[in-house]
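Derivation of every value follows stated rules applied to the coordinates shown; laboratory data play no part. Quantities reported herein were computed from a predicted structural model and do not represent experimental measurements. Please note: Cβ atoms are built from the backbone with ideal geometry, for glycine as well, and neighbour counts cover all protein chains shown.
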Amino acid sequence: MKTRLITAAAALMLATAAAAETTIRVHYAIPTIWANTQEQIAAAFMAENPDIRVVLDGPAESYEDGVQRLLREAVAGTLPDLACVGLNLWRVLQARELAQPLDPFIGDIEAFVAQGYGPAVRLGQFDGTTWALGASASTLVIYVNPAPVEQAGGSMDTFPEDWDGIIGLAARIDALGPTIDGIWIQRHDWRFQSLLGSYGGRPMTPDESDIAFDDAAGIAAATLFRRFAQEGGMRSYDVNEARQAFPAGTLGIMLESSSLLTRFVEGAGDRFDIVVKPLPISADPERVYVPTGGSGIVMLATDPAQQEAVWRYMRFATGPDGARIITETTGFAPTNSAVVEDATCLADFYAANPRIRPAHEQIARFAGPWYAFPGPEGVAVTDLIAAAMVEVSDGGADPEATVRALAETLRDRLGMR
């Protein structure tokens, strides 16, 4: 009898283990921002869902690198079950018929919205279908080290509100000596789109029939990249060096994602108190938009059983618990409205992190989509934009000629001829 009892218990344990063997693989990128957060979300989800095991793939260094990896994995037949990708890149996966439509899982849209999954969560919509759920939101903001500002004759009370004043201040900071740099921004599609939107411009026409940034707004945005380098003392170091330089105190002004606030505050420690400023607005506020950076989650699994597990994970990561983890560990704004509307949910976080309010207020006033260029050439297009901004800032290329040539190149790549 004892042997039979042990055998029965062993069988029960094996059955339980088998039930818990639904494993889902999660792809994500930018470990400097997301590693700790993804680990916390996975652990919290598994605590509530012991029948599902979450395995985090080794992260890609950037959203662009991540999508390229996913395309290679699709060819090799080794795709993960879901992927956290840049909000401007999910359409690449949709165009390749890798992303799965989510509306069958959403079901009753009114009930879905009532649970906090409103427009910010449903950023990944195209042609009437939902392909991605927005998990995080950020905007480009201005990080400032007050110490070199004061040494250069300025103050935070009189910090400039226009680009001429900011670039002039950066030049004075840069002139303080060889151990301090004035200003820095990454040459990147999202940064260009952010400056473009602050001038009232748009990447493409509303019907996606043509490129729209080869206008006064686009030229003005590209010109800022050259002015930052030629007038403001912007060096050519890469993004990781810059993200180390600012909290170390060797960079006066940095234009970066609001999602990096927590990292920068921790890095600066007691050396200085970081100040966050919104972008200057250079157009009619009705025309201004600031593209919402961050990530969206796409379902890649095609097996129905895997899809059910993936959908539970997606709901959790974009629900109140996941949104709270993301906000508290990164500085991203929450996309789930239940978190925003519940005054008690993040009250302690906002009390302890008043610096984040300028970014969240900027999102509330001017947030727009991080434009996803259509078709399978989407990743190539973002790389071309970044390369053009490098030519302008580091190579001294003429901004107007570069923008107009870039627009013509994209028309060819996107098949608009």
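Summary table below
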| item | result |
| --- | --- |
| Estimated FRET transfer efficiency when R0 is 25 angstrom, pair A351-T250 (beta carbons, to 0.05) | 0.25 |
| Share of Cα-Cα pairs in region 211-300 lying beyond 15 Å, as whole percent | 72 |
| Point-to-point label distance, A364-E266, nm (Cα→Cβ direction, 7 Å offset) | 2.7 |
| Added length on full extension, which subtracts the Cα-Cα distance from 0.36 nm per residue, R235 to A401 | 57.5 nm |
| Label-point separation in nm, T158 to V55, each point 7 Å along Cα→Cβ | 6.1 |
| Overall dimensions of region 369-417 by Cα: Rg and Dmax, Å | 11.3, 31 |
| Farthest positive-ward along region 345-417 dipole, Cα basis, beta-carbon charges - from A347, P376, S393 | A347 |
| Inverse mean reciprocal Cα-Cα distance (Kirkwood Rh) of region 146-273, Å | 15.6 |
| The chain: calculated mean residue ellipticity at 222 nm from DSSP helix runs of at least 4, using -39500 (n - 2.57) | -15000 deg cm²/dmol |
| Tensor-based shape of region 23-122 (alpha-carbon gyration tensor, a/c under 1.5 rounded, otherwise prolate or oblate) | oblate |
| Relative contact order, percent, the chain [alpha-carbon distance under 8 Å, six or more residues apart] | 25 |
| Pairwise FRET efficiency - D273 versus L176, Cβ, R0 = 25 Å, nearest 0.05 | 0.85 |
| Alpha-carbon Debye profile of region 231-377, log10 I(q)/I(0) at 0.08, 0.20 Å⁻¹ | -0.30, -1.34 |
| Rg to Rh quotient for region 199-252, alpha carbon positions, Kirkwood Rh | 1.17 |
| Charged-residue dipole, Cβ positions (Lys, Arg, Asp, Glu), the chain about Cα centre, Debye nearest 20 | 800 |
| Cα convex hull volume per residue for the chain (Å³) | 169 |
| Estimated inter-spin distance, D108 and T409, nm [label 7 Å along Cα→Cβ] | 5.1 |
| Extension gain, Q151 back to R287 (0.36 nm per residue minus Cα-Cα distance, nm) | 45.3 nm |
| Rounded to 5, percent antiparallel among DSSP beta bridges of the chain | 60 |
| Shape call, region 127-190: gyration tensor on alpha carbons, a/c limit 1.5 | prolate |
| Helix 189-198 axis, angle to the chain major axis (alpha carbon atoms, nearest 10°) | 60 |
| Calculated FRET value between E308 and D383, using beta carbons and R₀ = 30 Å, to 0.05 | 0.25 |
| Semi-axes of the equivalent ellipsoid for region 93-199, Cα gyration tensor, largest first, Å | 44, 16, 11 |
| Rounded if a/c under 1.5, otherwise prolate or oblate - region 161-217, Cα gyration tensor axes | prolate |
